[in-house]
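Student: Here you go, one structure.
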Amino acid sequence: MGGRVHLVYTNIGRGHPFYLDGIRQLLPPERLGTVRDVFDCCHGVSGLLWRTARWLYASGSSRGGNRSLYSRVRARTDYTRAGPAVSLMGTPLRRAVANLEGPLVVAHPLLVAILRDAPALVYQHGELAAPREAQLVGGHHTVLVPDSAAADVFLRAGLPAARLVVTGLCVEPGLTALASPAYAARRARLASGGSLTGGFFSSGAEPALHVASLVAAALSLDAHQHPALLVARRGGRYHHHAVAAFGRARRTLTVCRAEADGAVASTAPPQLHLYTTRDELERLTVAVFGRLDYVVAPAHERSHWALGLGLPLFMLDPPIGSFAPLNQARLLQAGVAESLPLREAVAFCARLNARHHSGELARAADRGWGRQAIDGFARAAAWLAACA
């Protein structure tokens, strides 16, 4: 390998782009090369196909679970046998990267299939779970995985060990320095009988069932006993549903700016924190993270918080897509999370109190702290920089 490190984004949802964002932030500036987005590179029929894929993600997942259009399409996908549609989607991309020298990093298995002939292709597989679509793409690429459990899945699928790099969990770079003091403060709060603060996060698609669960769970809390911090995309389904539901219940919901600062911290909860871009979301997350004692969210990229940062997770049911069910199983086995179906979200406060008073939340935090490396982005960036 030689040259600089190049990145190709899908920019659909948050999960896959998030795993490139962390590398991009931590690469030495002189090592960062070309950064491309499929929606900028692809036009005409190719662009239409990419927009259709984005629509499937944003609209098809709304129904939820394995019944959703999104989940059915992902379950049937075999990127190894790329058909005419995948070929058409990839033609402009292959032209765009044809003359690049140095590692070419992608974070979606579809891009691995499209760019499999690139001589220095690297697949950043930041998720804990490795579903069939991620394992089976042929080629000569290197795969970056978060831990040995994910590595074992790729090894069993036939990937040579020489093409696997274990980086550690991919936690937002801004959170790694906060992780230890935040855990110590959280552990002290969990050991007490006082109030607990929860973070309520959706996936980028904001599926209707998940949004309903998030808002119902937040509404179940006594604001004086357990403050709720709802984090939502500005103008999205979650934003509008939260404002409407709190309004119907005649409950105050304070809307806060994305650039969270000292003024936000002193505002009375429950709070609705709004963001527009992924960068805004990360800054907001860093600003509120030290206050969090548990999280309510889907079992996607924030699964790393439960497994590596000692932050107990209530996972939204049903799991949507191919990654979430496997992440759920992993977190349940580790004892750092539990599922929260919609029918139980309305009584979430009672469950939270029971888990708190029994000590189970504290034990879940302990199981998720100090057992895994959490600097996966730094290690991935360092490895890529050394290859460039």
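The values are calculated or read from the model by the stated rules, or taken from the named source; none is laboratory data. Since this is a predicted model, take the numbers as computed values, not measurements. Neighbour counts run over all protein chains shown; Cβ positions are idealised from the backbone, glycine included.
Student: Checking the conditions here, which among Ala249, Ala244, Ala205 is of a type outside the set (Phe, Trp, Tyr), out of contact with any strand residue (DSSP E or B) (no Cβ under 7 Å at 6 or more places or on another chain) and without any contact (Cβ under 8 Å) to a residue 12 or more places away in the chain?
Tutor: Ala244
Student: Filter the range 10-41 down to residues that are modelled with pLDDT of 95 or more and part of a loop (DSSP other than H, G, I, E, B), then give me how many there are.
Tutor: 1
Student: Continuing with this model, one more query. Of the residues in the range 365-384, how many are in a loop (DSSP other than H, G, I, E, B) and either among the charged types (D, E, K, R) or closer than 15 Å to Leu128 by Cα (or both)?
Tutor: Matching residues across the range 365-384 total 5.
Student: Sticking with this one: Under 8 Å between Cβ atoms, which residue pairs at least 6 apart in sequence (or on different chains) link something in the range 341-361 that is touching a residue at least 60 places away in the same chain (Cβ under 8 Å) with a partner that is surrounded by fewer than 17 Cβ atoms within 10 Å (Cβ to Cβ) and not β-branched (Val, Ile, Thr)?
Tutor: Sorted first by the residue in the range 341-361, then by its partner, the pairs are Cys349/Asp222; Cys349/Gln225; His356/Gly193; His357/Gly193.
Student: Further question on the same structure: Would you mention how many residues in the range 90-132 are touching a Leu at 6+ places or on another chain (Cβ under 8 Å), not hydroxyl-bearing (Ser, Thr, Tyr) and not in a loop (DSSP other than H, G, I, E, B)?
Tutor: Residues that pass the stated criteria total 13.
Student: Can we say Ala362 is more than 19 Å from Val211 (Cβ to Cβ), of a type outside the set (D, E, K, R) and not in a helix (DSSP H, G or I)?
Tutor: Spelling it out, it is not the case that Ala362 is more than 19 Å from Val211 (Cβ to Cβ), of a type outside the set (D, E, K, R) and not in a helix (DSSP H, G or I).
Student: When the range 235-256 is examined, which residues are found to be polar (S, T, N, Q) and outside any loop (DSSP other than H, G, I, E, B)? I'd like the intermediate steps shown before the answer.
Tutor: The initial filter retains those residues of the range 235-256 that are polar (S, T, N, Q), namely 252, 254.
Selection gives Thr254 alone.
Student: Moving on to the next point. Out of the strands (runs of 3 or more DSSP E) lying entirely within the range 138-234, which hold 3 or more residues that are of a type in the set (A, V, I, L, M, F, W, C)?
Tutor: Of the strands (runs of 3 or more DSSP E) lying wholly inside the range 138-234, those with at least 3 residues that are of a type in the set (A, V, I, L, M, F, W, C) span 142-145, 164-166, 228-233.
Student: Oh, and also: When the range 197-242 is examined, which residues are found to be out of contact with any Phe, Trp or Tyr (no Cβ under 7 Å at 6 or more places or on another chain) and polar (S, T, N, Q)?
Tutor: Within the range 197-242, Thr197, Ser203, Ser213, Gln225 qualify.
Student: Restricting attention to the range 23-48, which residues are among the charged types (D, E, K, R), under 12 Å from Leu93 (Cα atoms) and either surrounded by 16 or more Cβ atoms within 10 Å (Cβ to Cβ) or outside the structural domain of Val106 (by TED's automatic domain parsing) (or both)?
Tutor: Answer for the range 23-48, where residues must be among the charged types (D, E, K, R), under 12 Å from Leu93 (Cα atoms) and either surrounded by 16 or more Cβ atoms within 10 Å (Cβ to Cβ) or outside the structural domain of Val106 (by TED's automatic domain parsing) (or both): just Arg36.
Student: Continuing with the same structure: Run down Gly262, Gly308 and say which single residue is at pLDDT 95 or above and small (Gly, Ala, Ser).
Tutor: Answer to the check: Gly308.
Student: May I pose another question? Any residue that is basic (Lys, Arg), surrounded by 19 or more Cβ atoms within 10 Å (Cβ to Cβ) and modelled with pLDDT of 95 or more - is there at least one of those in the range 337-360?
Tutor: For the range 337-360, residues basic (Lys, Arg), surrounded by 19 or more Cβ atoms within 10 Å (Cβ to Cβ) and modelled with pLDDT of 95 or more: present.
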